[in-house]
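Notes to accompany the following structure.
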Ligand SMILES: Nc1ncnc2c1ncn2[C@@H]1O[C@H](COP(=O)(O)OP(=O)(O)O)[C@@H](O)[C@H]1O
Ligand SMILES: [Mg+2]
């Protein structure tokens, strides 16, 4: 088998620049000399060695900040190593950061040409593929609009469509399949599977352990920039889960929830860690879906739309009076917005057996446009034992259009009253009690 990717002792450093703390006079001198910062080296990847053969699908897992994206950027040729030797043979299609390689001012169509040329295609070749790329992206109506007007899901569709149509030898996928609606995600996974069946090479970064188990022949585990395990996907996942379970698994990143709903997410680290799951497992949350008012699956809502989160579970044994809880969390600043649970709502579930689902129903979603995480959990009645908790593994989006309001996080159902100076009768009325 031929080797497409080979890394030997590869390291990558970033230079972090801090403002220097100094006295005014020194600051002025520094300013004149142009040395206002202290620089510090930070090794994001340390001494990485592995190879990938043609036709392999290799997963990469690791906590946030462990170096996964940096590694993919090296493979894509976007970054170069500071030490070691890196060889990549063949055409690489990077499906990495959202919109990487896109120019926001250009239209979707123009970006297809731009992206194609970055990937090494002639204009004529791209021209031939254009129709298919647009068709698969499903963006026919938007293709001549600047991509800065696109939602992250639309970006994703376009990027994915380009990547699979340029027929690369190596496909790099970084996490981004979490964006986009479910049918599209399923289509992406189907295409990745086709790609795999054709004997192509895939490097897949994902927090979704199911995705990794399904696709990857082999998985690498990064921890603080080091490659600490590689091999059988199931074994590597087990090692990863073990690391996540350790209380101090990385600097300052420590999180837990206390009671479902009532509790808040505690964190004392700067970089919140997404995609965390824990619990004793008697009940497992197998799937979470978001539904609109027709009970159709979707990941996009408008403010004030009906919103349903459906939490599917399987109970491995009969469990009396379990409590389901959840929290809505804004992605941008990680603010927990609420924390309801079935017990607060006096919904006593006598017992659970087998499979089923519970629904959390909001008649009018108050959230303003943005991306939101859903934390879901299931507990015993006393809320002492957690059977399964999934922190920031499920995401949905609120898109503009439901309200002109745009400041803060939520739109509270409320109204304005106005009292002119003359209208004394109105002024004496209590708007909260019109009868008085
Ligand atoms: N351009 C950059 N400049 C400085 N530090 C960076 C840069 N890119 C990434 N890092 C740092 O390198 C580390 C690894 O980042 P990354 O590869 O994005 O991790 P992951 O994808 O596993 O979450 C992080 O600590 C991150 O802050
Ligand atoms: Mg990353």
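The values are calculated or read from the model by the stated rules, or taken from the named source; none is laboratory data. As the structure is a prediction and not an experimental result, all values here were calculated from the model. Ideal geometry is used to build each Cβ from the backbone, glycine not excepted, and the neighbour counts take in all protein chains shown.
If the condition is being in a strand (DSSP E or B) and either over 24 Å from the mean Cα position of the chain (by Cα) or at pLDDT 95 or above (or both), then the range 329-350 contributes only 341. Screening residue 372 with (1) in contact (Cβ under 8 Å) with a residue 60 or more places away in the chain; (2) under 20 Å from the mean Cα position of the chain (by Cα) gives one miss only, at (1). Against the conditions (1) in contact with a strand residue (DSSP E or B) (Cβ under 9 Å, 6 or more places away or on another chain); (2) farther than 15 Å from residue 106 by Cβ, residue 138 satisfies every one except (1).
Looking across the range 383-411, the residues that are over 16 Å from residue 334 (Cβ atoms) and assigned to a loop (DSSP other than H, G, I, E, B) come down to 383, 384, 385, 400, 401, 402, 403, 404, 405, 406, 407, 411.
Screening residue 244 with (1) under 20 Å from the mean Cα position of the chain (by Cα); (2) buried (at least 18 other Cβ atoms within 10 Å of the Cβ); (3) within 16 Å of ligand 1 (Cβ to nearest atom) gives one miss only, at (2).
Being surrounded by fewer than 18 Cβ atoms within 10 Å (Cβ to Cβ) and touching a strand residue (DSSP E or B) at 6+ places or on another chain (Cβ under 6 Å) is a property that residue 84 has. For the range 60-97, filtering for residues that are more than 16 Å from ligand 2 (Cβ to nearest atom) and part of a loop (DSSP other than H, G, I, E, B) leaves 7.
Based on what the data block shows, is residue 57 more than 16 Å from ligand 2 (Cβ to nearest atom), under 24 Å from the mean Cα position of the chain (by Cα) and modelled with pLDDT of 90 or more? Spelling it out, residue 57 is indeed more than 16 Å from ligand 2 (Cβ to nearest atom), under 24 Å from the mean Cα position of the chain (by Cα) and modelled with pLDDT of 90 or more. For the residues 160, 102, the requirement of being surrounded by 21 or more Cβ atoms within 10 Å (Cβ to Cβ), part of a loop (DSSP other than H, G, I, E, B) and in the same structural domain as residue 203 (by TED's automatic domain parsing) singles out 102. The number of residues in the range 203-227 being part of a strand (DSSP E or B) and either out of contact with any strand residue (DSSP E or B) (no Cβ under 9 Å at 6 or more places or on another chain) or within 15 Å of ligand 1 (Cβ to nearest atom) (or both) comes to 10. The residue that is nearest to the chain's Cα centre (by Cα), counting only those in the range 383-423 that are free of Cβ contacts under 8 Å to residues at least 24 places away in the same chain and surrounded by 10 or more Cβ atoms within 10 Å (Cβ to Cβ), is 419.
Which of the following residues is at pLDDT 70 or above, over 23 Å from residue 90 (Cα atoms) and in contact with a helix residue (DSSP H, G or I) (Cβ under 6 Å, 6 or more places away or on another chain): 16, 45? Result: 45 is the single residue among 16, 45 that is at pLDDT 70 or above, over 23 Å from residue 90 (Cα atoms) and in contact with a helix residue (DSSP H, G or I) (Cβ under 6 Å, 6 or more places away or on another chain).
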